[in-house]
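Throughout, read-outs are computed from the coordinates displayed, never taken from laboratory work. Keep in mind the model is a prediction, meaning the values are calculated, not measured. Please note: Cβ atoms are built from the backbone with ideal geometry, for glycine as well, and neighbour counts cover all protein chains shown.
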Amino acid sequence: MQSSVSGTLRISEIFFSLQGETSRVGLPTVFIRLTGCPLRCGYCDTEYAFHGGSRLSILAIITEVAGYAAHHVTVTGGEPLAQKECLDLLRALCDAGYSVSLETSGAIDVAGVDKRVSKILDIKTPGSGEAGKNRWSNLDYLTSHDEVKFVLCDEADYLWAVETLRASRLDQICPVLFSPVHEVLSREALAEWILRDRLPVRMQLQLHKLIWGEARGH
């Protein structure tokens, strides 16, 4: 179904690849990367999306996505919700029949996100340098088809994430993901900690980086 929603957004890139993270890992997915982010996490791997990009209408975006003939679409950034028109784009993608996920830093209100969208909410750890930007009220809008992600720099981050997980009982709300910063925190160490502490979480690695490294467009 073609969307009639108007509006434009600044887009860094649109590409087709395998989903590298979340419970959708491995699924062929169209990625829509929006330009701009109010955070500056120390491990950020998409700094190129902070600026630039091209302004496209929602209709043009939907048309380009349709060309890939895929069922899954991920809206990411940067921080996609930094552009208020993102909410309209998410709604239009859902109306067009796609299975839509949103990757968000958790620093911006998610209350207006279409309920059909799977929100992947990143809780920033101390090691990111942006833990003070966490908008904890966003946890109130999570449902069972959303996911919470912790990107961990070191053991201190891990212990902080465990405390947060238990204090908020996050695993009773939705799936929880623990991910090591690529080539910073040992994946073997993280695996051992999770098993040692019997955590109700999913450990995830970034599949796209294991296959293609740091190359853009994957």
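When DSSP assigns beta bridges and you keep just the ones with both residues in the chain, what percent turn out antiparallel, to the nearest 5?
Restricted to the chain, the bridges split so that about 30 percent are antiparallel.
To the nearest 500 deg cm²/dmol, what mean residue ellipticity at 222 nm is calculated for the chain from DSSP H runs of n ≥ 4 alone, each contributing -39,500 (n - 2.57), summed and divided by the residues?
Only helices count here, giving -6500 deg cm²/dmol.
How high is the relative contact order of the chain, in percent, with contacts defined as C-alpha pairs under 8 Å that are six or more residues apart?
In percent, rounded to a whole number, it is 19.
Over the Cα atoms of the chain, what Rg and Dmax result, in angstrom?
Expressed in Å, the Cα Rg and Dmax of the chain come to 16.7, 52.
What trypsin sites (Lys or Arg not before Pro) in the range 87-117 are in a loop by DSSP, with at most 15 other Cβ atoms within 10 Å of the Cβ?
Here the sparse-neighbourhood loop sites are LYS115, ARG116.
Whose amide H sits under 5 Å from the amide H of GLY78, counting only residues 5 or more places off or on another chain, with H placed in the peptide plane?
Here the answer is ALA49, since their amide H atoms fall under 5 Å of that of GLY78.
By the gyration tensor of its Cα atoms, with a ≥ b ≥ c the square roots of the eigenvalues, what is the shape of the range 94-218: rounded for a/c under 1.5, prolate for a/b over b/c, or oblate?
Oblate is the answer for the range 94-218, as a/c is 1.5 or above yet b/c matches or exceeds a/b.
So what is the relative contact order of the range 90-146, in percent, for Cα pairs below 8 Å that sit 6 or more residues apart?
Contact order relative to length: 35 percent.
Give the angle, between 0 and 90 degrees and rounded to the nearest 10, that separates the Cα long axis of helix 86-95 from the longest principal axis of the Cα atoms of the chain.
Rounded to the nearest ten degrees, it is 70.
Could you work out the relative contact order of the range 108-184, using alpha carbon pairs under 8 angstrom and six or more residues apart, expressed as a whole percent?
Reported as a whole number, the value is 34 percent.
I'd like the orientation of helix 187-196 relative to the chain: the angle between its Cα long axis and the longest Cα principal axis, in ° from 0 to 90, rounded to 10.
Relative to the chain, helix 187-196 is tipped by roughly 60 degrees.
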